[in-house]
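Structure, as structure tokens:
The values are calculated or read from the model by the stated rules, or taken from the named source; none is laboratory data. It should be emphasised that the depicted structure is a prediction, and the values quoted were computed from it without experimental measurement. Note that we place each Cβ from the backbone using ideal geometry, even for glycine, and neighbour counts take in every protein chain shown.
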Amino acid sequence: MVVDAWLREPLPALVVAAPAAPAPAAAEEPPTPASPRPLGRTGMLVSPLAISGAHEPRVGALFRAMRAGCNLFFWEPRYRSLGVFLREARARGATPHVVAGTYHASERAIRADVERALRRLGRDRLDVFLLFWARSPARLEGEGPRALARLRAEGLVRAVGFSTHDRELAERALGHDPWDVVMVRHSAAHPGAERSLFARAAEAGVGVLGFSATSYGRLLGGGVGAADCYRYTLAQPGVSAVVSAPSWTREVVENLDVLRRPALEDVDRARLLARGAAIREESLDFGRHVRRFPIAPEELLERELAAAPVDPAL
């Protein structure tokens with residue numbers, strides 16, 4: 001199997017002398033199963049940690065994550081190693097949940113994206129399908145939502161939703177058909193969703209996926225690790241899972257600690273909140289002293305963040 005080959009360690013090119021007998025390998029600690037959470041009203045139970053294939057983690061690391069209890073993966077067509085993993089997992093009888101989506105708006109293009117994903121992954125149905133990059137009410141009205149509702153009715157997708165940075169836009173859409181899931185930015189540097197969005201989603205039975213929990217890496221450092229950032233988002237009522245985007249196997253393993261220890265310790269929470277407040281103040285200070293636009297610094301920050309061209313999987 002191709003995955004088995006990826007899992008083997010490479011042999012040295014030249015053996016100069018007979019190596020010493022290896023020390024007995026320590027018994028690997030059995031993985032602790034994750035406590036799954038309901039994804040809104042979809043009927044799905046998902047691991048609190050989702051893994052994106054954006055930075056091409058190794059296939060072996062993805063299998064390691066699945067063995068540790070991760071059953072939710074964020075896929076786009078350009079994610080090669082995650083595609084290999086999902087096909088191999090299916091061949092072995094495992095069917096982890098897949099979140100995919102589209103940047104298109106017409107029914108024809110959206111349907112084509114769904115059918116292409118099904119072919120690429122060898123599946124009959126996608127678990128969650130999102131309209132990416134929702135920035136205006138028009139994106140969440142009309143042809144796009146109607147197309148998703150039909151695809152759901154036909155059984156090609158199980159649940160439908162959208163991703164956005166705009167909390168007000170998300171909140172207005174919640175509770176209206178066809179939305180089952182919302183993927184929204186949240187971190188200690190951008191905690192605005194805590195004011196009302198998360199509670200509104202829980203009330204409407206809409207599953208919440210958090211992304212950008214590390215604020216694109218700006219929160220990391222000073223004693224703050226990625227796992228603490230994920231724990232912070234997962235501590236919010238109504239959040240089903242948080243999407244991580246590891247690059248290296250080491251990062252995958254570090255992130256999996258969230259499944260073993262989901263609670264954020266008080267001292268770590270205080271450190272994270274202090275760092276988040278500093279990052280936010282730094283951005284506001286930039287607006288006050290550099291840009292000097294004739295608008296409030298808080299409004300300037302929100303405009304800059306909303307306009308940032310970022311990958312919604314990160």
Q. When only residues in segment 34-59 that are of a type in the set (D, E, K, R) and out of contact with any Gly (no Cβ under 8 Å at 6 or more places or on another chain) count, which is farthest from Gly83 (Cα to Cα)?
A. Arg37
Q. Right, Glu143: more than 22 Å from Ala50 (Cα to Cα), in contact with an Asp or Glu (Cβ under 8 Å, 6 or more places away or on another chain) and without any contact (Cβ under 8 Å) to a residue 40 or more places away in the chain or not?
A. yes
Q) Can you tell me which of Arg271, Arg200, Arg275 is modelled with pLDDT of 90 or more, farther than 25 Å from Ala68 by Cβ, part of a helix (DSSP H, G or I) and in contact with an Asp or Glu (Cβ under 7 Å, 6 or more places away or on another chain)? A) Arg200
Q) Looking only at residues in segment 150-198 that are touching a Lys or Arg at 6+ places or on another chain (Cβ under 9 Å) and β-branched (Val, Ile, Thr), which one is nearest to Leu209 (Cα to Cα)? A) Val184
Q | Which numbered condition Ala105 fails, given (1) surrounded by 19 or more Cβ atoms within 10 Å (Cβ to Cβ); (2) in contact with a strand residue (DSSP E or B) (Cβ under 9 Å, 6 or more places away or on another chain) | A | (1)
Q: Looking only at segment 174-181, decide whether some residue is of a type in the set (Gly, Ala, Ser) and at pLDDT 95 or above.
A: no
(Q) If the requirement is being within 16 Å of the chain's Cα centre (by Cα), β-branched (Val, Ile, Thr) and either at pLDDT 95 or above or crowded, with 22+ Cβ neighbours inside 10 Å (or both), which of these qualifies: Val46, Val84? (A) Val46
